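Heads up: the structure comes next, in structure tokens.
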């Protein structure tokens, strides 16, 4: 990594977001400040077992006039996020040629929910419905949808590394800009609720039957959610900058994290190094914070190893559910709002600290005397696929 890399401008536009908390920036900020949970209970994916889910409830765009290959809930979420990002998109389309604008997204489900419904309709022996289109479930489908919708001709790809997918999409966008392959990138991610993920996590005994409790002694699993979050990423100075990122792969286990947190620690250290910052410059830490016993334990150990005095921390998954492939970009969007508006997203749990874990200063609603300027956001995935993003408000003070 060169000094040029560490000072390379990488501006994140105001995000386009849709999640269970809403899609309007003011609504999202209020929910984050107040700790409002956007969870509803449903057994739609687990008949006979109602679960709290972070489902999007607002109306999504109609797909009737879309090509069959694009008709998926994932793409509906992305279409609404694109609407919320329209001003930034119009500005970048006016500046750069279509072949100089890329699309990099993260997902873990793509349109698998539509395939589930087609198979249920067909039964064990029957033919698939006439309107079924396999391309909906291809992992590359979300990026193709965005590129075609906007008429873009630059690099287009999707990363699927489970819960770190869209965090890695943002790091990939930064690298495309640094390499001169693009002048702008639409980057982020989307995932929608489906039987595959809800039942998959249930089979791992990782799902809680109540609203999740990250870092509580009483934590017993995750809640699942859905979301889309997008940014326009450019080489412009000012605003909110993606100053650094760190990535690691500890490959300890197919689904469990390395207990000592060494892979997570490596990712956080790399993000600080790339940004040229010391740990004490971090004003807010967005925790991966799933609410499982192993994950929270690992992350608490990694954080305490990195920081002599940890900054205020919170896990927003208690509010939205774990949005899987969308989580990295969604939580980067929450950090963007916190840095822009000067607040700390609130940590919500039952207030019972786990005496077995290093103590973290969880942001539970105390007044903030000075808004955060620098934030670190963690995304840790199956297989030990770890990513940390460092966002900073560029107010001209840094040399």
- request: Can you pull the one-decimal nm distance between simple spin-label points at residue 369 and residue 122, each 7 Å off the Cα toward Cβ?
  value: 6.4
field: Label corresponding to percent of Cα pairs over 29 Å apart when calculated from the structure given, among (i) 38; (ii) 48; (iii) 43
entry: (i)
query: According to the Kirkwood expression over distinct Cα-Cα pairs, how big is the hydrodynamic radius of region 341-394, in Å?
result: 13.8
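Between residue 352 and residue 278, what length comes free when the chain is fully extended (0.36 nm per residue of separation minus the Cα-Cα distance, one decimal in nm)?
On the way: separation 74, 0.36 × 74 = 26.64 nm, distance 3.09 nm.
Extra length available between residue 352 and residue 278 comes to 23.6 nm.
Run the numbers for residue 40 and residue 87: contour at 0.36 nm per residue of separation, minus the present Cα-Cα distance, in nm. Numbers along the way, then the final one.
Numbers: separation 47, 0.36 × 47 = 16.92 nm, distance 3.16 nm.
13.8 nm is the gain from fully extending residue 40 to residue 87.
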- prompt: Between residue 199 and residue 68, what FRET efficiency comes out of the Förster formula 1/(1 + (r/R0)^6) with R0 = 35 Å and r the beta carbon distance, rounded to 0.05?
  reply: 0.85
Projected-area mean, region 263-374, by convex hull of Cα positions, square nanometres: 7.1
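Based on the Cβ-Cβ distance of residue 181 and residue 260, what FRET efficiency does E = 1/(1 + (r/R0)^6) give at R0 = 35 Å, to the nearest 0.05? Don't skip to the answer; put the middle values down first.
Working: r = 37 Å, r/R0 = 1.06.
Plugging the Cβ-Cβ distance into 1/(1 + (r/R0)^6) gives 0.40.
May I ask you to sort 322, 133 by Cβ crowding, counting other Cβ atoms within 10 Å and putting the fewest first? Write down the numbers at each step before the final one.
Working: 322 29, 133 20.
Ascending Cβ contact count within 10 Å gives the list 133, 322.
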message: Please list, short to long, the whole-number percent of alpha-carbon pairs of region 1-114 in consecutive 5 angstrom bins beginning at zero.
response: 2, 8, 13, 17, 19, 16, 11, 7, 5, 2, 1, 0
field: Among 62-69, 286-293, 116-123, the order from most to least packed when residues are scored by Cβ within 10 Å on average
entry: 286-293, 116-123, 62-69
- line: Among 54, 22, 180, the residue with the largest mean-square fluctuation in a Gaussian network model of the chain built from Cα contacts under 10 Å is 180
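Tell me, 232, 374, 185 in order of fewest to most beta-carbon neighbours within 10 Å?
Details: 232 26, 374 21, 185 29.
Ascending number of Cβ neighbours within 10 Å: 374, 232, 185.
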task: Please work out the Cα center distance from region 67-129 to region 143-193, rounded to the nearest Å.
output: 13
Packing-based exposure ordering (other Cβ within 10 Å, fewest first) of 77, 390: 390, 77
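Quick note: the coordinates plus some simple rules give every number you see, no bench work behind them. Note that this is a predicted model, so its numbers are computed, not measured. Ideal geometry is used to build each Cβ from the backbone, glycine not excepted, and the neighbour counts take in all protein chains shown.
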